[in-house]
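Written below as structure tokens is the structure these notes are about.
The values are calculated or read from the model by the stated rules, or taken from the named source; none is laboratory data. It should be emphasised that the depicted structure is a prediction, and the values quoted were computed from it without experimental measurement. Note that we place each Cβ from the backbone using ideal geometry, even for glycine, and neighbour counts take in every protein chain shown. To get the accessible areas, we keep the full protein, side chains included, count just its heavy atoms, and leave off ligands, DNA and RNA. Shrake-Rupley method; radii C 1.70, N 1.55, O 1.52, S 1.80 Å.
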Amino acid sequence: MSAADCYAWRERLFRDAYLEYAQSHIRYTTEAAPDELVSRLHLVAVTHEGDVVVCRSREGWRFLPGGTREPGESLHALASRELMEEAGAVLKGEPRHFSAHVADSDRALPYRPHLPHPRTYWVYAIADVEIVRAPTNPAGDEMVVEVLTLPPHEAAAYLQEDDPLHADVLRHAEALNLVRAAPDATRWLSTLSCFPQVSLGSRLVYPLSLPPTVHEPFWRP
């Protein structure tokens, strides 16, 4: 990454902004987020090989796995649930929070009744994960039709096409040297050869070709 590219993503990420879809003014910070004000969590999910998990929905949205907190849910439980629902992945340790967006809403009411309002935090964390199956895709939620594991720079480019905010968060995590392979890792994913329709090599692909109304697992043990 060139010095100019580095400056560009930092300038974008740390610039105050307004998100129309959320009707919120946002500010990026590396300060710790108060647990009681966290409404969303997204994960830079890192495999044993040091690749980053990225997802694509049926609508074409590309994103880091994560989502909205349920009533009474701990952040660890939120991370575990969203990883399984959107990536078919399990946590291999505690998520490590490294940044957040402080979001001040213009809405009269919270997005959901149990969520903090008008100020809330959208937290980002690093998580060591293992993909063990296809996404569970619960009924009523967005359907994930593609899960990839890519080297960090490729994952950022993949996200950039649809979600430049998540792309820049990933670039920040990489700049902080948080995206690392395990010491004994290799690029060849031979341990995952039990999965059908998986492309082995530097990227793991789940091309979910199920009809939109079908929510059965893509892979069964």
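On the basis of being closer than 25 Å to GLU31 by Cβ and either β-branched (Val, Ile, Thr) or open to solvent by less than 20 Å² (accessible area, probe 1.4 Å) (or both), does VAL90 make the cut?
Numbers: closer than 25 Å to GLU31 by Cβ: no; either β-branched (Val, Ile, Thr) or open to solvent by less than 20 Å² (accessible area, probe 1.4 Å) (or both): yes.
It is false that VAL90 is closer than 25 Å to GLU31 by Cβ and either β-branched (Val, Ile, Thr) or open to solvent by less than 20 Å² (accessible area, probe 1.4 Å) (or both).
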Check your understanding: Under 9 Å by Cβ, and 6 or more places apart or on different chains, what pairs join a residue from the stretch 152-165 that is on the phi < 0 side of the Ramachandran plot and surrounded by fewer than 16 Cβ atoms within 10 Å (Cβ to Cβ) with one that is assigned to a helix (DSSP H, G or I) and basic (Lys, Arg)?
Key -> HIS153/ARG171; PRO164/ARG12
Check your understanding: In the stretch 78-100, which residues are touching a Cys at 6+ places or on another chain (Cβ under 8 Å) and within 20 Å of ALA173 (Cα to Cα)?
Key -> ALA87
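Answer yes if at least one residue in the stretch 79-87 is open to solvent by 40 Å² or more (accessible area, probe 1.4 Å), of a type in the set (Ser, Thr, Tyr), free of Cβ contacts under 8 Å to residues at least 60 places away in the same chain and over 19 Å from ASN137 (Cβ atoms), and no otherwise.
Narrowing the stretch 79-87 to residues open to solvent by 40 Å² or more (accessible area, probe 1.4 Å): 80-81, 84.
From what's left, of a type in the set (Ser, Thr, Tyr): 80.
Right, trim to free of Cβ contacts under 8 Å to residues at least 60 places away in the same chain and you get 80.
Adding the requirement that they be over 19 Å from ASN137 (Cβ atoms) leaves none.
Within the stretch 79-87, none of the residues are open to solvent by 40 Å² or more (accessible area, probe 1.4 Å), of a type in the set (Ser, Thr, Tyr), free of Cβ contacts under 8 Å to residues at least 60 places away in the same chain and over 19 Å from ASN137 (Cβ atoms).
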Revision key, fill the gap. TRP61 meets each of (1) hydrophobic (A, V, I, L, M, F, W, C); (2) more than 24 Å from SER80 (Cα to Cα); (3) open to solvent by 10 Å² or more (accessible area, probe 1.4 Å) with one exception, condition (2)
Point to revise | Options SER24, SER39: the member that is under 19 Å from the mean Cα position of the chain (by Cα) and modelled with pLDDT of 95 or more | key: SER39
Exercise for review: Output the qualifying pairs, or none if there are none: Cβ atoms under 6 angstrom, residues six or more apart or on different chains, first residue in the stretch 38-52 and in contact (Cβ under 8 Å) with a residue 60 or more places away in the chain and under 30 Å from HIS117 (Cβ atoms), second residue open to solvent by 10 Å² or more (accessible area, probe 1.4 Å) and hydroxyl-bearing (Ser, Thr, Tyr).
Suggested key: VAL38/TYR121; SER39/THR120; ARG40/THR68
Point to revise | Matching residues, the stretch 126-145, being buried (at least 16 other Cβ atoms within 10 Å of the Cβ), modelled with pLDDT under 95 and among the acidic types (Asp, Glu) | key: GLU142
